Amino acid sequence: MNVLLLLAIILLILMSIVGGKKGVRSFIALFLNFLVIFVTILFMLSIESTIIVTLIACTVISFINLFYINKFNDKTKAAFFSTMITLSLLVVFIFAVEHSAMIQGFGEEQEEEINAFSLYVGIDFAKIAICTIIMGSIGAIIDISLSISSSMNELFAHNRFITKKSLFQSGLKIGRDILGTTTNTLYFAFVGGYLTLILWFKRLSYSLGDIVNSKTFCAEVISI
């Protein structure tokens, strides 16, 4: 039996034991998300508007992760609308940062890697950089939006007489707590995922200034 298939079966069993029906739906959603990303890549190769394609894919992914897994209810609707609003605002910010930082393309350290490849592939690397950041952020946005909306829904369900002001203030406190832990999670994910990059810089005898100004390093930090 293929190792990946065996791991997938183990994951399905564990998710069904822990999460029940919702765990099974979450498992199926993983494959649906993979299918969406695969189709998105195919469209990117044939359509010039790669950013529009990415935004549509993110909308579909949000729909799957919120409504398919957790069904239609007030908290998933609130999470979906907040995800769309946040994504729209984030895209504007990403455009500005990407244009100012000029993180598209390849750094000096990657010259040996790309030597054997043709760069005339008809792909706008600036747009690809933006699409990468957007696609990388959608998971965190969905996760946080549902966490907050679910918490708010529980507060209201257990206290129907709570005022809108108190509910709003509680939401802010919950959001700040989640923001703090999420920031640390992203930081350690970066350090763990790009430990080899940091070791590579060390082998190249880069100074701190060289690392901070490296296109490769800046691209990853800005993505985080």
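Listing for the model above:
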quantity	calculated
Residue within segment 92-103 that is part of a helix (DSSP H, G or I), at pLDDT 80 or above, surrounded by 14 or more Cβ atoms within 10 Å (Cβ to Cβ) and in contact with a helix residue (DSSP H, G or I) (Cβ under 7 Å, 6 or more places away or on another chain) present	yes
Checking THR196 against (1) at pLDDT below 85; (2) under 19 Å from the mean Cα position of the chain (by Cα); (3) of a type in the set (S, T, N, Q), the condition it does not meet	(2)
Any hit, segment 166-177, residues being in contact with an Asp or Glu (Cβ under 9 Å, 6 or more places away or on another chain) and either over 21 Å from ALA79 (Cβ atoms) or touching a residue at least 12 places away in the same chain (Cβ under 8 Å) (or both)	no
LYS127 touching a Ser or Thr at 6+ places or on another chain (Cβ under 8 Å), at pLDDT below 85 and open to solvent by 40 Å² or more (accessible area, probe 1.4 Å)	yes
Members of segment 7-52 found to be over 22 Å from PHE67 (Cα atoms), assigned to a helix (DSSP H, G or I) and small (Gly, Ala, Ser), listed by number	ALA8, SER46
Verdict on LYS77 being open to solvent by 40 Å² or more (accessible area, probe 1.4 Å), without any contact (Cβ under 8 Å) to a residue 40 or more places away in the chain and closer than 15 Å to ILE142 by Cβ	yes
Some residue of segment 133-145 being at pLDDT 85 or above, over 30 Å from SER205 (Cβ atoms) and open to solvent by 70 Å² or more (accessible area, probe 1.4 Å)	yes
Residue that is modelled with the highest pLDDT [pool: residues in segment 177-193 that are open to solvent by 90 Å² or more (accessible area, probe 1.4 Å) and more than 20 Å from SER82 (Cβ to Cβ)]	PHE188
Options ILE162, ILE174, ILE198: the member that is out of contact with any helix residue (DSSP H, G or I) (no Cβ under 6 Å at 6 or more places or on another chain), over 22 Å from ALA129 (Cα atoms) and surrounded by 10 or more Cβ atoms within 10 Å (Cβ to Cβ)	ILE162
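Conditions (1) modelled with pLDDT of 85 or more; (2) over 15 Å from the mean Cα position of the chain (by Cα), marked per residue:
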{"position": "ILE9", "(1), (2)": "yes, yes"}
{"position": "MET44", "(1), (2)": "no, yes"}
{"position": "ILE47", "(1), (2)": "no, yes"}
{"position": "ILE52", "(1), (2)": "yes, yes"}
{"position": "PHE63", "(1), (2)": "yes, no"}
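The values are calculated or read from the model by the stated rules, or taken from the named source; none is laboratory data. What you see is a predicted model; the values in this text were computed from it and never measured. Positions of Cβ are backbone-derived with ideal geometry, glycine not excepted, and every protein chain shown enters the neighbour counts. Side chains are part of the model used for accessible areas, which takes the heavy atoms of the whole protein and leaves out ligands, DNA and RNA. Shrake-Rupley method; radii C 1.70, N 1.55, O 1.52, S 1.80 Å.
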